[in-house]
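Novice: Pasting in a structure now, in structure tokens, and then I'll have a few things to ask.
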Amino acid sequence: MARFDKLQVLKKIGKTGMVPVFYHKDAEIAKKVIKACYEGGVHAFEFTNRGDFAHEVFAECVKYAATECPEMAMGVGSVVDASTAALYIQLGACFVVGPLFNPDIVHVCNRRLIPYCPGCGSVSEIGKAQEMGCDLVKVFPGDVYGPSFVKSVLAPCPWSKIMVTGGVAPTEENLSAWMKAGVYCVGMGSLLFPKDRVAAQDWQYVTDKCREALGYIAQTRK
């Protein structure tokens, strides 16, 4: 069962404005990354559903976060079907994210009051997702659409809460551009976790990078 309800999760995501996106087949490595992000000020973390037995790694991470990162809402990403969403919800996922919009997932998540953030690529798709109860929608891939797309969507639909993922970089220029466009939050993956840093287990780098990115977001929002 999710440790945080829908409103609490959306508040955590919106307050920081950033959700790290990460996967590793080694649960111990994943735990270290989660802890490093938490110490950097992150309160919502998206574990990517990628690779065999990813759900087993996630289960270990959720239990770890419950004790070591008590305010961290653990979610799952790259979910494309309802059965996978149900599996991760059973393991404690507080939110579900996907690269595409699958209405079947909406019913599973709504039944348990779990936020479902589907990947959308048009105003019509965003509108349909909202009609079905998706409070937060994802524009993906972000580096293809760009900040101007988000700004244009929000002009006629200012109530929309948009997460952008794909190509988001932990730099002042990139993050300020997305924030100024009006995104609710950004999802950030490989550029926040360089492979060489993870291989070297340089967790302080991850913590510092998260803190730096959150600083840019807060500064722009002011």
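A short reminder: the numbers here are calculations on the coordinates, not readings from a lab. Remember, predicted model here, so these are calculated numbers, not experimental data. With ideal geometry, Cβ positions are generated from the backbone for all residues, glycine too; neighbour counts draw on all protein chains shown.
Novice: Can you sort Arg197, Arg111 by how many other beta carbons sit within 10 Å, fewest first? Before the final figure, lay out the partial values.
Specialist: Working: Arg197 16, Arg111 10.
Starting with the residue having the fewest Cβ neighbours, the order is Arg111, Arg197.
Novice: Starting from the 7 Å offset along Cα-to-Cβ, what nm value, one decimal, do you get for the label separation of Asp104 and Leu191?
Specialist: Placing both labels 7 Å along Cα→Cβ, they lie 3.4 nm apart.
Novice: Ok, one more. Step through the table entries Lys12/Lys151; Lys35/Lys161; Lys63/Lys195; Lys63/Lys222; Lys25/Lys151, compare each Cα-Cα distance with 31 Å, and write down the pairs that go over it.
Specialist: Where the Cα-Cα span goes over 31 Å, the pairs concerned are Lys63/Lys222; Lys25/Lys151.
Novice: In addition: FRET efficiency for Ala66 and Arg111, Cβ-Cβ distance as r, R0 = 25 Å, nearest 0.05? Each step should come with its number before you reach the end.
Specialist: Details: r = 23 Å, r/R0 = 0.91.
Efficiency, from the Cβ-Cβ distance: 0.65.
Novice: A follow-up question, please. Averaging sequence separations of C-alpha pairs under 8 Å and six or more residues apart, then dividing by the length of the chain, give the relative contact order as a whole percent.
Specialist: Details: 416 pairs, mean separation 47.6, N = 222.
Answer for the chain is 21 percent.
Novice: In nm, to one decimal, how far is the Asp5 label point from the Asp208 one, both placed 7 Å along Cα→Cβ?
Specialist: 4.1
Novice: For the range 82-184, which chymotrypsin sites (Phe, Trp or Tyr not before Pro) are both in a DSSP coil and crowded by at most 15 other Cβ atoms within 10 Å?
Specialist: On the way: sites: Tyr88, Phe95, Phe101, Tyr116, Tyr145, Phe149, Trp159, Trp178, Tyr184; in loops: Phe95, Phe101, Trp159, Tyr184.
Filter output for the range 82-184: Trp159.
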